[in-house]
Amino acid sequence: MKVAIAGAGMSGAYLYRLLDEEGIQADVYDVKRRNPCGLHSCAWGATPTSEVRKLVSRFLEPTAYELQQFDSINIEGLDIPADLLTIDKPRLINDLLCDTEVHTQPFDPNDYDRIVDATGEARAFLGPTSGPQFLAPCRQYRIKLDEDLGMSIKISSLGYEWCFPIGNNEYHMGFGNLKTDTTEFRPSTTGVMERGKILCRCNSKVRLSSPHATQPFVSGNIVGVGESIGAVAPLAADGIVYAMQTAEMLVDHWDNLEQYPTDILKRYDWMGKERQGLNRLFAGKMPSIRELRAFLHHTRIAGLSLSLKQAMFFFRRILDSQTEAEKSLG
């Protein structure tokens, strides 16, 4: 079987290594990136530690890619117990690909028996989704700063600003939002742009649709994986672990693709409920108890110890921030 993997991000690179382990050779394609890290979007945070290590250790020594480990994260001034890592995602992807050539020229789909769409939010080969797309634009910075800023999230309208330490006095900072223009974003930490050195900056998008609204997963000889099939947590926007998990699931279903969509929907059913909660927030309403429980389920498997009361506080902050934003525009 002649196989093409379209997309050399986390899901594409991990899938390449899995297929190689099975003796299946795949050609890897991606567009040429102009930003220094070569990724779109870059991202650095991964949870929980045990699952990240289990997945990476299938091929590589996971601790070699760990930049910092955290036992808490500050969200809106509250220190939330957590099991979080920042990882060197660009180097991890490069090592998973094992120096295989990543082709940047277009290819003829007719030349391949199977094409894996790992193009993330673009869904370049699977095409339009069954449900409405939720694509959140993001503005990202990598900044070197000789200060201890810690790991934090600040809620802003229907999105949030983040600050993730990535070692060597460097921080990955950014802002993503479904309702606000992010292109002019500058970190809210006073003077950070002036005191620090900007190493990299870029604009990107992240798909928050959930797998339930990102079908089909299979179309003819094309099958999707990772963000291209919506395997990103709609409210927290984390997807590194799910990129690797869906790649494993695809290989497990390689000779039985009919069952692949069913098992994806079953495993990530909580993402569909989270998406429903996001729909309510988008409409200016509080998520239902069922949707809040789905969010808490996600936070538990992601290594965060969050109470229902705290979740409701954060969502109320989102709604209040939306109201403030609308008033400022009016």
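A few comments on the model shown:
- Flag for E248 being at pLDDT 95 or above and either part of a helix (DSSP H, G or I) or within 27 Å of A325 (Cα to Cα) (or both): yes
- Strands (runs of 3 or more DSSP E) enclosed by the range 1-89 - at least 3 residues per element that are touching a Gly at 6+ places or on another chain (Cβ under 7 Å) and modelled with pLDDT of 90 or more: 66-75, 78-87
- Residue list for the range 216-232, restricted to those being more than 13 Å from E121 (Cα to Cα) and either touching a residue at least 60 places away in the same chain (Cβ under 8 Å) or in contact with a strand residue (DSSP E or B) (Cβ under 8 Å, 6 or more places away or on another chain) (or both): P216, F217, V218, S219, N221, I222, V223
- Scanning the range 207-239 for residues that are at pLDDT 95 or above, out of contact with any Phe, Trp or Tyr (no Cβ under 9 Å at 6 or more places or on another chain) and more than 24 Å from P109 (Cβ to Cβ) yields nothing.
- Of all the residues in the range 143-172, those that are closer than 30 Å to R316 by Cα, in contact (Cβ under 8 Å) with a residue 60 or more places away in the chain and not hydrophobic (A, V, I, L, M, F, W, C) number 7.
- Candidates are the residues of the range 107-129 that are surrounded by fewer than 12 Cβ atoms within 10 Å (Cβ to Cβ) and in contact (Cβ under 8 Å) with a residue 24 or more places away in the chain; the one that is nearest to the chain's Cα centre (by Cα) is G127.
- Residue within the range 67-81 that is in contact (Cβ under 8 Å) with a residue 40 or more places away in the chain, buried (at least 22 other Cβ atoms within 10 Å of the Cβ) and aromatic (F, W, Y) present: no
- Looking only at residues in the range 142-154 that are touching a helix residue (DSSP H, G or I) at 6+ places or on another chain (Cβ under 8 Å) and surrounded by 19 or more Cβ atoms within 10 Å (Cβ to Cβ), the one that is nearest to S228 (Cα to Cα) is I143.
- Enumeration of residues in the range 153-210 that are among the polar types (S, T, N, Q), within 18 Å of the chain's Cα centre (by Cα) and over 27 Å from A294 (Cβ atoms): N203
The values are calculated or read from the model by the stated rules, or taken from the named source; none is laboratory data. From a predicted model like this one, the values you see are computed outputs, not experimental measurements. Glycine gets a Cβ as well: all are built from the backbone with ideal geometry, and neighbour counts include every protein chain shown.
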